[in-house]
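The values are calculated or read from the model by the stated rules, or taken from the named source; none is laboratory data. Values in this document were obtained by computation on a predicted structure and should not be read as measured data. A quick note on method: Cβ atoms are made from the backbone with ideal geometry, for glycine too, and the neighbour counts reach across all protein chains shown. We work out accessible area using only protein heavy atoms, side chains counted, and drop any ligands, DNA or RNA first. Shrake-Rupley method; radii C 1.70, N 1.55, O 1.52, S 1.80 Å.
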Amino acid sequence: MAASVASHIPLALSLLHTVATQYPGLTKSQPTTNVNTAPSVPSVPAPAATLSVALPGSGSGAGNGSGTGTAGQTNARIILLLHCRLKPKYHDGVKTHSYCSKSCATNAKLANGNQKAPRGHQHGSTTPSGNCDFCHNRPKFPGHPFCSKACANNASSSLHTGGNPKGTCQAPGCSKPTHVNKDGTCGDYCSLSHKTLGETLCIMCLKAAKQTNSHFCSKACADNAELKGPMILEVPAGHVTFKDVSDQFKASWRHVGAKCPPVKRIYKIVSPQSSLASYNAYKASVEARGQFSAAGRSAGNENRRWHGTKRECHLGDKGYTQFCGSQTCSLCCIVKTSFDLSLFGKKTGWGRFGKGIYTSSTSSKSNDYSTNECRSSLKAILLNKVIVGKGCKLTQDNVSLTTPPQGYDSVLAEKGGSLNYDELVVYTNDAIRPSFLVMYEA
């Protein structure tokens, strides 16, 4: 028994040394054999939690059975991390860090006011205190400052640089370690099934899988999002929606000699219910006239088209999800209230095909109209859903148009003639709604 105790003395001394060096003034020496007194220390306002490490042979049930005052009994008490009061500080084999984990480091900085103020609060905008500290849109998960693991990781990544260390699976409710790839890098999920779940999550609650042909898991989530609209919800980078939109951006970049820039962030634009209602009513009327669904097309011949515009604020940059208050920030105005024909001509002064709302299937063409009036490494472009209906194909300018030609719903300006790249023009506000905000390298 004496040999067993002796073999653990170095460990006890090492632990006591850690206490003495890492927490000066916060601990009292614990009584051991032949030690009757201990120096007094100032009281601590909130006592830290402690962890007792008992060596073999100590306590009741060993030695003489008394459990006190024997040579075989040593207790090393380690003061735990002052922020979470649950776990010891992290030691990487060389250095002992200030916190047990990145999560505690982030939470401590937020609690102490060292974290930068949440972004996106320019021009007097406010964020409800019950919403996520990062995205500012979704409600916080009970007991946490963020709505989900995704937002917690995004917030953490803004404080740390370097690779992505091995952590826990990002699937909702899972705490298993992430899968390690053959090259030693770590994935984001513990299994293929959880990866599939993560790629198809509802972008509102980020908890359940979304329904087919929807961005949400249920009518409740869809209604909740629309009630909170207008707003933007960041789409996780590994999500199927992110891939779908970014693939369209790359595939439609057609300018020769201009390299397609990488897509960095994508946001789903959530319009208010009233705005969507008028759009859907117009779509139904166009569908009734053209019967596009019967021909295998989408209702109203709805298509996705690009639109570039002016950005005055940092909307879309990392952490910036709140609209600015400027009446001349075209990006915020379009995302909040959609397109407005009454503003036609204020930027370009004219239109090849008259007074209409212009979009294109070519992302690189719309990029030409995307401008920043703020310092940012990213540019913004909008992917919109547009009711094409029956389109009238034109190749030559017609600047006098204020409505589509008789019997048509839109103008399809084709490449050739006066155009190098295509344009789609609609002549009513209800024929178009912004759907995605895409941020890409400038």
Handout entry: Restricting the range 300-319 to residues that are out of contact with any Phe, Trp or Tyr (no Cβ under 6 Å at 6 or more places or on another chain), assigned to a loop (DSSP other than H, G, I, E, B) and modelled with pLDDT of 95 or more, the residue that is most open to solvent (accessible area, probe 1.4 Å)
Key = Glu312
Handout entry: Filtered residues of the range 95-111 (kept if over 20 Å from the mean Cα position of the chain (by Cα) and modelled with pLDDT under 70)
Key = Ala108, Ala111
Handout entry: Which listed residue, of Ser366, Ser342, Ser326, Ser376, is part of a helix (DSSP H, G or I), on the phi < 0 side of the Ramachandran plot and surrounded by 15 or more Cβ atoms within 10 Å (Cβ to Cβ)
Key = Ser366
Practice task
Report, ordered by the first and then the second residue, all pairs with beta carbons closer than 6 Å, sequence separation of six or more or different chains, a first member in the range 317-336 that is within 21 Å of Ser377 (Cα to Cα), and a second member that is among the aromatic types (Phe, Trp, Tyr) and crowded, with 21+ Cβ neighbours inside 10 Å.
Solution key: Cys332/Phe323
Completion exercise
The lone condition Ile357 fails out of (1) within 30 Å of Gly319 (Cβ to Cβ); (2) out of contact with any Lys or Arg (no Cβ under 7 Å at 6 or more places or on another chain); (3) touching a residue at least 40 places away in the same chain (Cβ under 8 Å) is (1)
Practice task
Take the residues in the range 225-253 that are under 24 Å from Asp422 (Cβ atoms) and aliphatic (A, V, I, L, M), then tell me which one is most open to solvent (accessible area, probe 1.4 Å).
Solution key: Ala251
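Residues are listed down the side, and each one gets a yes or a no for (1) modelled with pLDDT of 90 or more; (2) assigned to a strand (DSSP E or B); (3) touching a His at 6+ places or on another chain (Cβ under 7 Å); (4) more than 30 Å from Gly308 (Cα to Cα):
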| site | (1), (2), (3), (4) |
| --- | --- |
| Tyr189 | no, no, yes, yes |
| Glu226 | yes, no, no, no |
| Ile232 | yes, yes, no, no |
| Val245 | yes, no, no, no |
| Pro261 | yes, no, no, no |
Completion exercise
Of the residues in the range 254-299 that are in contact with a helix residue (DSSP H, G or I) (Cβ under 6 Å, 6 or more places away or on another chain), of a type in the set (A, V, I, L, M) and within 26 Å of Asn429 (Cβ to Cβ), the one that is most open to solvent (accessible area, probe 1.4 Å) is Ala299
Problem - Total residues in the range 383-402, condition more than 23 Å from Leu331 (Cα to Cα), surrounded by 13 or more Cβ atoms within 10 Å (Cβ to Cβ) and touching a residue at least 24 places away in the same chain (Cβ under 8 Å) - result: 7
